[in-house]
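Notes for the one structure printed next.
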Amino acid sequence: MVDTIEQLENDILAALDLDAAALVRRLRELWGEVISENETLREEALKTSTLNKILKSEVARLKRQIAKLTKTQFGAKSDQNPNKTSYDRSSCVGDQKAKDAENNANSDKENGKASAGQPEAKETKPRNTSGRGARVWPEHIEKRWIYMGTEDRRCPCGCGGGIVEIEENETLEVIPAQYYVAVREYPKYRCRLHDKIIGTTFEPRVFPKTTMSNTLMASSITMRFGWQLPWHRQENIFLSKGIELSRSTLMRWSHRLANEALLPIYQLMEQELTTNSERLFMDETTLPMLQPGKGQTKTSYLYALLRDDRSFSGNKPPVVIYYPRNTRAMRHIHDILNGVSAILQTDSYAGYGRLGRHGTPVEQITPVKCWAHARRNFTDEYEFSKTLDAKTVIRIIAELYKEEEKIRGKPPLIRVAHRQQFSVPILDRLRAFLIAQADRHLSKSKMGQAIRYVLRQWSDLTRFVDDGRIDLDTNAVERMFKPTILLRKNALFLGSDEGAEAWGIHSSIIETCKLNGVNAELYLKWIFDQISKKLRRSEYEKLLPWNAPPEFRITH
């Protein structure tokens, strides 16, 4: 029978002759059991408390992850400055006061003219952002005047009255795309002089033994890679016109054009980009690729290498090259950048971690990191935890961007001088604040990680103050992925490596056309015509997008 305190009390009360030694022994044994049980309970409580902390930490992590995914799926794509509202409100008030003062001055001038007896000139109000005001149509848009009155231009009641005034109403009309079959007749002549049959030279086409025309494929490729319209939707558009043109046929023609006809132009663009650039941007995004026989997709990647010198008034034409790769391994990055000697702005992905190191294929690269990625850690922290220190960091970084707005598009020397005077004090203040707050936040917390990231990347983040060619962030190259992301959602996946290569070539040419203000559809038609005429490869330089004829430029 297990001894208990109650049993011991009963024995003491019932006993006549008390055995002190036995009672002490029994008391010690019971007390020992109490202490042991208490220690066990303490250990269990400590384990439960630890487990509770771990679960709370995991719940917080999952909530943060859900919030981040929700923001990615449904929220704004750009980071929002929590201090921006107050700044915008004050600026709006100031702008409104300036506008009111200008309006009052204009009204005073008009009143003065009216009092002097001068006739008021009828001015057309410019169109504002809300859509009010007269619309100004581009010069190349044809205008057709359509008379809507009676044929005899007399009053319809028969009184014989003529037209006093004509009121004009403008609407933008559209003629739906029309398809037709061009049946070209090539006559053969009987030559009496030479006593033989002379034929007519066929019009050249890229692939002459198909029903594919240069115009049709220029339009189809532009719709897919310029306006993100996948093959199956184009197939349905043709079906709506009664034309059976399968998606597989369109895809096959597109692949042939990319990997045969357009490949030399793509290679010339790549050569120009990698050998004649001072500053580049690089980033990557995912592309699902179908795995044959498995009915599943695997994740492949599309890298983008961009040159856009307009931010520092550079005179080299902008160009972007897309590289499809099966993985995100560092070796692909080194392969793309092998031999490149330029400033390269990237995010903090580890694959870019060895840029500029001696003994690597990318030792001639000068690495620069992105302030937008550094700021994103603090915006996420403030949105989830409302950490005031994160809000302060965001406000200071916003001051950097405000200074950059003043020198956007200026030459490098002007940018450097402005940054040395205004941006360096902001950076000093930011670094001092981060160092002071580093010990206040746990090293494993999101705020602590955000602070350590900025301090660790400080030299690459602040290289812009000494070089006016460098921008604050990599937003320029991230914008180059918007068409890819839209097409990825519409097309769902890639079918093969050949399709990935075609995707990279077509996207490079079309997006470079957009950067240079060139109509991609007209440009592609022109290229196909030139290639059809057996243009020598040595003359392909004049086919590059920035060398396109002036009539292909998009006018605004």
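The table for this structure:
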item: Residue in the stretch 397-404 that is open to solvent by 20 Å² or more (accessible area, probe 1.4 Å), touching a Leu at 6+ places or on another chain (Cβ under 7 Å) and either closer than 22 Å to residue 312 by Cβ or not in a helix (DSSP H, G or I) (or both) present; result: yes
item: Test for residue 362: is it β-branched (Val, Ile, Thr) and touching a residue at least 40 places away in the same chain (Cβ under 8 Å); result: no
item: All positions within the stretch 158-207 that are among the hydrophobic types (A, V, I, L, M, F, W, C) and within 29 Å of residue 143 (Cβ to Cβ); result: 163, 164, 166, 172, 174, 175, 177
item: The listed residue being within 24 Å of residue 268 (Cα to Cα) and either at pLDDT 95 or above or not polar (S, T, N, Q) (or both), out of 303, 349; result: 303
item: Among residues of the stretch 198-215, those that are assigned to a strand (DSSP E or B) and more than 15 Å from residue 188 (Cα to Cα), counted; result: 0
item: Test result for residue 423, hydroxyl-bearing (Ser, Thr, Tyr), modelled with pLDDT under 95 and at negative phi; result: no
item: Strands (runs of 3 or more DSSP E) wholly inside the stretch 277-340 containing at least 2 residues that are free of Cβ contacts under 8 Å to residues at least 60 places away in the same chain and within 23 Å of residue 366 (Cβ to Cβ); result: 296-307
item: Residues (open to solvent by less than 60 Å² (accessible area, probe 1.4 Å) and either in contact with a strand residue (DSSP E or B) (Cβ under 6 Å, 6 or more places away or on another chain) or assigned to a loop (DSSP other than H, G, I, E, B) (or both)) located in the stretch 519-556; result: 519, 535, 544, 545, 548, 549, 552
item: Residue check, residue 470 at pLDDT 95 or above, within 23 Å of residue 342 (Cα to Cα) and either assigned to a helix (DSSP H, G or I) or not hydrophobic (A, V, I, L, M, F, W, C) (or both); result: no
item: Number of positions in the stretch 476-530 that are touching a Cys at 6+ places or on another chain (Cβ under 9 Å) and of a type in the set (Ser, Thr, Tyr); result: 1
item: Subset tally (residues that are over 17 Å from the mean Cα position of the chain (by Cα), part of a helix (DSSP H, G or I) and among the small types (Gly, Ala, Ser)) for the stretch 484-516; result: 4
item: Any hit, the stretch 255-274, residues being surrounded by 15 or more Cβ atoms within 10 Å (Cβ to Cβ), among the polar types (S, T, N, Q), part of a strand (DSSP E or B) and touching a residue at least 40 places away in the same chain (Cβ under 8 Å); result: no
item: Yes/no for residue 287 being closer than 20 Å to residue 514 by Cα and either surrounded by fewer than 19 Cβ atoms within 10 Å (Cβ to Cβ) or not polar (S, T, N, Q) (or both); result: no
item: Single residue of 71, 63, 47 found to be part of a helix (DSSP H, G or I), within 30 Å of residue 376 (Cα to Cα), modelled with pLDDT of 70 or more and open to solvent by 70 Å² or more (accessible area, probe 1.4 Å); result: 63
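The values are calculated or read from the model by the stated rules, or taken from the named source; none is laboratory data. Computed from a predicted structure; not experimentally measured. Backbone-built Cβ (ideal geometry, glycine too); neighbour counts: all protein chains shown. The accessibility values were calculated without ligands, DNA or RNA, using every heavy atom of the protein model including side chains. Shrake-Rupley method; radii C 1.70, N 1.55, O 1.52, S 1.80 Å.
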